[in-house]
1. Take the residue pairs Lys180/Lys232; Lys19/Lys232; Lys182/Lys232; Lys81/Lys155; Lys88/Lys155 and return only those whose Cα atoms are more than 19 Å apart.
2. Using a 1.4 angstrom probe and counting only protein chains, how large is the accessible area of Tyr217 in Å², to 10?
3. Multiplying the sequence separation of Ala127 and Lys202 by 0.36 nm and subtracting their Cα-Cα distance, what value in nm do you get?
4. Keeping all protein chains in position, work out how much accessible area Thr60 exposes to a 1.4 Å probe, and write it in Å² to the nearest 10.
5. Ranked by accessible surface with a 1.4 Å probe, highest first, in what order do Ser70, Ser176 come?
6. If you count only protein heavy atoms with a 1.4 Å probe, what accessible area per residue comes out for the stretch 175-240, rounded to a whole Å²?
7. Any chance you could get the radius of gyration and Dmax over the Cα atoms of the stretch 21-60, in Å?
8. On the protein heavy atoms, probe 1.4 angstrom, tell me the percent of accessible surface of the stretch 43-90 carried by carbon and sulfur.
Amino acid sequence: METLIINNQAQVNTKFDTKPELFYENKQILRQIELNIQQGKECIQGIVDEFMSLTSSPITIEEIQGFVGSGRSDYMLINRKAILTTIKEKLNDNEYSNSLSDNLAENQNDQSDLIEVPDPDIENLIAAIKKLNYIQNVNFFEIIHWQCYQVQNEKVIIIPDEVNQAEAGFRIFAVSQQEKIKLTQVRELCNCLNHILSENHKEIAPGNLEIRGVAHYDNEAKSFFPAERFIKYGFNRIIP
């Protein structure tokens, strides 16, 4: 009889079940990602501003990314050579070369000296780049979400789709019909556990009511929530 009820429920909810249903998100990690991305935007904007003050030329996120190391041995180490090379390329390609056009016309025999760009003072730019190290979790997890940024009209903007992608691993959805049936069942179980805890909170620690792989306790929300393993994979994935 119980199986028939579940099947009928699945038929009733067929239309609704076409949309994935969020049932858990790691709010602590998501807050850290949000802070990381916002702080990163501010730091990268500072780099763009300093670079523009030296060259009056646009710069891309990829070029900024090349100013620091990305490997295990040189992560976030400043690459002065890459910075100077990029600046000189911009100067030669744009305003600097234009400002020399009259002199070049009069001094054809000395072009190599005229187009040679001296090393600019990049200390303010270096200081702006160093601030990347103080972004939330950069030193701990070595993560800057470069893919979440774009420079448009000298302003750093955040790309929402890329942010969603960065956060996707910390949100869990019930997708299939069977997963949603399990989710409904476990939510009812969580409601019962929450009620038991509220009535007996002086006698029972929340951890004693947890059902591993099925229902876990959220210390921040002060309530039980459905666990991923049972809903997504069944009992075979639950650790004994």
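The values are calculated or read from the model by the stated rules, or taken from the named source; none is laboratory data. This is a predicted model, so every value here is computed, not measured. Methodologically, a virtual Cβ is constructed for each residue, glycine included, from the backbone with ideal geometry; neighbour enumeration extends over all protein chains shown. The area values use the complete protein model at the heavy-atom level, side chains included, leaving out ligands, DNA and RNA. Shrake-Rupley method; radii C 1.70, N 1.55, O 1.52, S 1.80 Å.
1. Values: Lys180/Lys232 9 Å; Lys19/Lys232 16 Å; Lys182/Lys232 9 Å; Lys81/Lys155 25 Å; Lys88/Lys155 22 Å.
From Lys180/Lys232; Lys19/Lys232; Lys182/Lys232; Lys81/Lys155; Lys88/Lys155, over 19 Å: Lys81/Lys155; Lys88/Lys155.
2. Number for this one is 40 Å².
3. On the way: separation 75, 0.36 × 75 = 27.00 nm, distance 5.42 nm.
Stretched fully, the Ala127-Lys202 segment lengthens by 21.6 nm.
4. Here the accessible area works out near 60 Å².
5. On the way: Ser70 100, Ser176 50 Å².
Highest to lowest solvent-accessible surface, that is Ser70, Ser176.
6. Details: 4200 Å² over 66 residues.
Solvent-accessible surface per residue comes out at 64 Å².
7. For the stretch 21-60, the Cα-based Rg and Dmax read 16.2, 50 Å.
8. Numbers: 1190 of 2360 Å².
Roughly 50 percent of what the probe reaches on the stretch 43-90 is carbon or sulfur.
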